[in-house]
């Protein structure tokens, strides 16, 4: 479900909650059918806080009851907190990780990793770590998704001295990659390199 669908669903639900407050006010004035206070508060708690608050204001309904006057704004805060948790809090925060060239070499020897060179094409042609994939750091946001489709793969990032590799590793994390390791610059790589044929 995308953001537009979610927003439309919340808008529709809050419209229903708003209407419930209107129906209950009409029932209170005419002595007709009422909506229970429990149902009104529960509807506000279930992401209907804005509709409930608007209904209270427009229909001047339940505004003298402390549990509504104080409870509905509090429930809106709870709604917002729940939405933030649903979007951000439930997925673990993936942190930037810097590792040593030795640790990177060990991971490469273990297999099933992608070594990513984020230098320029000319730098790559002069010397690169064997089997490395080239995506210049300036193109990482545009090319990563197509050249690195598996966001769970282990990616070891390097550049010349470590500045561009950090920038690229952080960009990959922002794009949703979860196993990104920056091992600095090729100048610190003691295990040999290859040159373009």
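Modelled this way, with points 7 Å down the Cα-to-C-beta line, the labels at residue 94 and residue 70 are 4.5 nm from one another.
Of 78, 17, how do they rank once you tally other Cβ atoms within 10 Å and put the fewest first? Present the calculation step by step, with values, prior to reporting the outcome.
Numbers: 78 15, 17 25.
Final ranking by Cβ density, sparse to dense: 78, 17.
Angle of helix 49-59 to the longest C-alpha principal axis of the chain, folded into 0 to 90 degrees and rounded to 10: 30°.
The relative contact order of segment 27-78, computed from alpha carbon pairs under 8 Å that lie at least 6 residues apart in sequence, is 35 percent. What is the distance in Å between the Cα centres of segment 115-143 and segment 1-53? Distance between centres, Cα-based: 55 Å. Angle of helix 3-30 to the longest C-alpha principal axis of the chain, folded into 0 to 90 degrees and rounded to 10: 10°. Only one of the listed values, (i) 27.7, 89; (ii) 26.2, 83; (iii) 18.5, 61, was derived from the coordinates as Rg and Dmax of the Cα atoms in Å; which label is it? Derived directly from the coordinates: (i).
The angle between the Cα long axis of helix 71-84 and the main principal axis of the chain comes to about 20°, on a 0 to 90 degree scale.
Quick one: order 117, 188, 24 by neighbouring beta-carbon count within 10 Å, fewest to most. Can you show the working numbers first?
Numbers: 117 26, 188 14, 24 22.
If I rank by nearby Cβ atoms, fewest first, I get 188, 24, 117.
Residue 10 to residue 30: FRET efficiency via 1/(1 + (r/R0)^6), r the Cβ-Cβ distance, R0 22 Å, to the nearest 0.05?
Working: r = 31 Å, r/R0 = 1.39.
Here the calculated transfer efficiency is 0.10.
Using a simple spin-label model with pseudo-atoms 7 Å out from Cα toward Cβ, residue 141 and residue 125 lie 2.8 nm apart.
Would you mind getting me the FRET efficiency between residue 60 and residue 151? Use the beta-carbon distance for r and R0 = 41 Å, nearest 0.05.
Details: r = 51 Å, r/R0 = 1.26.
Here the calculated transfer efficiency is 0.20.
Look at 140, 76 and count the other Cβ atoms within 10 Å of each Cβ; fewest to most, that gives 76, 140. Multiplying the residue separation of residue 19 and residue 82 by 0.36 nm and subtracting their alpha-carbon distance yields 20.3 nm.
Only the coordinates and a few stated rules stand behind these numbers; no lab work does. Since the structure is predicted, the reported quantities are computational estimates derived from the model, not experimental observations. Don't worry about glycine lacking a Cβ; one is built from the backbone with ideal geometry, like all the others, and counts go over all protein chains shown.
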